1. Could you grab the pairs with beta carbons closer than 8 Å, sequence gap of 6+ or different chains, first residue in the range B:615-636 and part of a loop (DSSP other than H, G, I, E, B), second one open to solvent by 30 Å² or more (accessible area, probe 1.4 Å) and of a type in the set (S, T, N, Q)?
2. Scan the helices (runs of 4 or more DSSP H) fully inside the range B:424-504 and keep the ones with 1 or more residues being in contact with a helix residue (DSSP H, G or I) (Cβ under 8 Å, 6 or more places away or on another chain).
3. For the range B:471-493, enumerate the residues that are more than 25 Å from B:Ser424 (Cα to Cα), of a type in the set (S, T, N, Q) and open to solvent by 10 Å² or more (accessible area, probe 1.4 Å).
4. State whether the residues of the range B:404-411 include one that is at pLDDT 95 or above, of a type in the set (Lys, Arg) and touching a Leu at 6+ places or on another chain (Cβ under 7 Å).
5. Please determine whether any residue of the range B:123-134 is part of a strand (DSSP E or B) and surrounded by fewer than 22 Cβ atoms within 10 Å (Cβ to Cβ).
6. Which numbered condition in (1) touching a Lys or Arg at 6+ places or on another chain (Cβ under 9 Å); (2) hydroxyl-bearing (Ser, Thr, Tyr); (3) open to solvent by 30 Å² or more (accessible area, probe 1.4 Å) is the only one that B:Thr729 fails?
7. If B:Gly696 satisfies all but one of (1) open to solvent by 10 Å² or more (accessible area, probe 1.4 Å); (2) under 30 Å from B:Arg764 (Cβ atoms); (3) out of contact with any Lys or Arg (no Cβ under 9 Å at 6 or more places or on another chain), what's the number of the condition it fails?
8. Filter the range B:21-48 for residues that are in contact with a Phe, Trp or Tyr (Cβ under 8 Å, 6 or more places away or on another chain) and in a strand (DSSP E or B) and give the result.
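The values are calculated or read from the model by the stated rules, or taken from the named source; none is laboratory data. Everything numeric here is computed off the predicted structure, so don't read it as measured data. Every residue, glycine among them, receives a Cβ derived from its backbone with ideal geometry; neighbour counts consider all protein chains shown. Calculation scope for accessible area: heavy atoms of the full protein, side chains included, ligands and nucleic acids excluded. Shrake-Rupley method; radii C 1.70, N 1.55, O 1.52, S 1.80 Å.
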Amino acid sequence: MGVPIQLEVNGQTVRQEVEPRLLLVHFLRDVLGLTGTKIGCDTSQCGACTVLMDGHAVKSCTVLAVQADGSSITTIEGLAQDGKYHPVQEAFWEAHGLQCGYCTPGMILSVVDLLESHPSPSEAEIREGLEGNLCRCTGYHNIVRAVQIAAEAMGK
Amino acid sequence: MTHGNGTRGIFGSAIKRREDPKLITGRAKYTDDLQLPGMAYAAILRSPFAHARIRHIDTSQALALEGVLAVFTAQDVEEAGIPGVVPVGWLLPTLKTPAHPILAKDRVRYVGDAVAVVVAEDRYTAHDALEAIQVDYEPLAAVADVRQAVEPGAPAVHEEAPDNVAFTWEIGDREGTDTAFQQAAHVAKLDIVNNRLIPNAMEPRAALADFDPATGELTLYMTTQNPHIHRLLMSLASIGLPEHKIRVVAPEVGGGFGSKIHHYVDEAIVSFASMKLGRPVKWTATRTETYQTDAHGRDHVTTAEMAIDGEGKILGVRVNTYAAMGAYLSTFAPAVPTYLYGTLLSGEYDIPHIYCHVTGVFTHTTPVDAYRGAGRPEATLVIERLVDECAHLAGMDPVELRRRNFVPPDKFPYQTQVALVYDSGNYEAALEKALEKVDYQQFRREQEEARRQGRYLGIGFSTYIEACGLAPSALVGQLGAQAGQWESAVVRVHPTGKVTVYSGSSGHGQGHETTFAQIVAAELGVPYEDVEIVEGDTEAIPHGWGTYGSRSAAVGGSAIATAARRVVDKAKKIAAHLLEAAEEDIVFEDGKFYVKGSPDQAKTLAEVSLQAYLAHNLPKGLEPALEATAFYDPANFVFPFGTHVAIVEVDPETGQVELKRYVAVDDVGNVINPLIVDGQIHGGIAQGVGQALYEGAVYDESGNLVTGTMLDYAVPKAHFLPAFETDRTVTPCPHNPLGVKGVGEAGTIASTAAVVNAVVDALRPFGVTHLNPPVTAEKVWKAIHGA
């Protein structure tokens, strides 16, 4: 009853047979052991499970593993390159854009996608752009600052 | 730096958090990230009824599913002979304490009450099996509303409390207050609802229990703010294993806000399952489960009155509150609407007469317990709304009325009429700073002008105080706490001079690893990088009480500073011996010991530590090694205070409230790390704004939680909030070694009242005198249109 899938996860080719109902987030966490991607809700509201699928942010609780067949996935574990943090990771650290850290992987990957489409967003655009990601610790103040810092760093 | 001899500048420095690299790379391990060999998965069957009798449970179809290892019910718990109940940890003289079984036996009392547990080889199978369990329920009448629950004839939640009254409690001088009201020029009277809130830590609760039948030891990894409290209560009440056979570990914990203080049935259920199966068993709540079962906050219905004289001086405050307990008494539930609420009703004001009566009420709802601020936001909303209403009645500016009633700076320590002794404060200074930041007079002019154009701006103040860092153990014991309120710390200097600190605090996002290392680096004069902080493991740490009530810096940090100073005292003896000098002639500065006047001949802490461990040449009678333990019991609470100001604009056509500006001036004493302190304030404000404008748990007539998902319950999003403008004044705490107070709850305690006051201020032209949070567009529209 397993369905064979093949996809790229953080640059590595993965082949696996999966149950058709298996969610991508459980595939990443329970099958591949990539637990950086978090689960914060069961209604696709919180965004903790956000990953990049072919470069775009998706909520991996809302994608079946079989739907990811043939795609390229980037999780938080695959964002830093050559031991160097992505500018968005750096900016979250710099601006104290995280406290408990649970929303952070999803938040960072959403911001990566946001800055891809809006390289120099206004504060209002940042706040609107983060609509799909909930944070309960920061009041978003320093997350917004982090996005501004990252935008500036990436624009250079 | 208070001790005067630390690494210069590290205390008070806005350094980036050392916690973050593991969090921004996804390497941090939270409970659900852990996998143990042979691990099975648990799922918990929960009651769909708010009140029902369980006639029969048939688990046979669930057990027949491939991959299902076991299904346990109350009968199995009973047969195993374990105590099987979760206890309440705060007693009041009149408190009724009906048992709270870990699995419901013959009756369920709220939607979410645990009925059975499935253990299976994988998550999906465990959840499949839940649907295969047949429970024959006989639904019974339920009551979810706190006022309806105390009406005659309301369905009783527990036989032990047929009138649903869990307790009654009072504080203050009833007769004196009544007399004071007779002298009043004006009396403000408001019916105030502190809306029920759902904590929503982003990480759902989880527990991974690993019982080893060979040793009889249980290791429990769980989402906890206080591992030792969980171990104690599991040993005493729910599981009954000896305390030394239970190890509770808090891995990375994704936020708590109070909701991970309490001992829930769930960690006991998975522990029981692991003991039965001899395998590790993991349970992780779905968000739906966290909505139904994480202890909720607030849920007060209050009638509050304030009397003032003709000069605007407060004569008295009279408060009567009904506070929901929910279906069972959660761990610290009785303390929240009593000692954390009634004692705060003096606010920042010199009030000669206060009386408060509280009725704790059982309802067929999720239990209610401490949620960020716990009692103090409720009290602040009551007092700050009353002050505004009094100003309105007297035709005074609300700022002026506050000013006339502040406890003046020269009146500390100040004994309130509701038990607390405020140790220090300068309320006017924080207010002035806030007024300057918002340019108050200019705003009032703009407001006038805007009103002429049909635009409705409002400004709201919250000149708040809180009592946190609970506080002396003997006192809280007299008040009913079944726990101590001190904190432990071990500061261990290794032979090479590197330092490991073991703290009884248990952070879950607050940045303890950074701030505590800053404290120790400052105290010992060692590089910050040389200090490691260990928390959250009952096997590694002496007994500790954990992180809640904004206590970690004030109590946990004070324990660390005390232990570090004991290390210095011992090192000084060794240094004196090595330098062949008298101990009193030794100077300790920047991590070095030298004889007064001879700084060139110094011994570093590392050099002294190596000698302490080698023990070849120690002063006579001195034990080897270099470490110290402190169990720090504070002399008093700490009292952060400040002024928060909200500016809103209300759209009269839609009732929509826009929060345009938010200014916060807080006094949290000495600041260890400004970056982290500001972050705590920001997050606190957001949660209080959530209560004011967006959040509110709603039950229907049958006791169903209508706001049961993130789709139905409005956790604030980024675009709901403005950037926050923060500043502070510094009035150090006079009674702890670091002069620090608490910061975790301040923002939440202050902000709800500020925002609600701002909305009412905006709506004054419509004759609106009060609105209860959440002040939704619908409520505002109805208030404007008299609907």
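1. Partner pairs satisfying both residue conditions: B:Asn617/B:Gln611; B:Leu618/B:Gln611.
2. Numbers: elements: B:427-438, B:440-452, B:473-478.
It comes to B:427-438, B:440-452.
3. Our first condition is that a residue be more than 25 Å from B:Ser424 (Cα to Cα); within the range B:471-493, this holds for B:480-483, B:488-493.
Restricting the remaining residues to those that are of a type in the set (S, T, N, Q) gives B:482, B:488.
Residue satisfying the conditions is B:Gln482 alone.
4. Keep residues of the range B:404-411 that are at pLDDT 95 or above, which gives B:404-411.
Among the residues that remain, those that are also of a type in the set (Lys, Arg) are: B:404, B:411.
With touching a Leu at 6+ places or on another chain (Cβ under 7 Å) added as a condition, the list becomes none.
No: zero hits.
5. If we filter the range B:123-134 for residues that are part of a strand (DSSP E or B), which is where we start, we get B:134.
Add one more test, that the residue is surrounded by fewer than 22 Cβ atoms within 10 Å (Cβ to Cβ), and what stays is B:134.
There is at least one residue in the range B:123-134 that is part of a strand (DSSP E or B) and surrounded by fewer than 22 Cβ atoms within 10 Å (Cβ to Cβ).
6. (3)
7. (3)
8. B:Tyr30, B:Tyr41, B:Ala42, B:Ala43, B:Ile44
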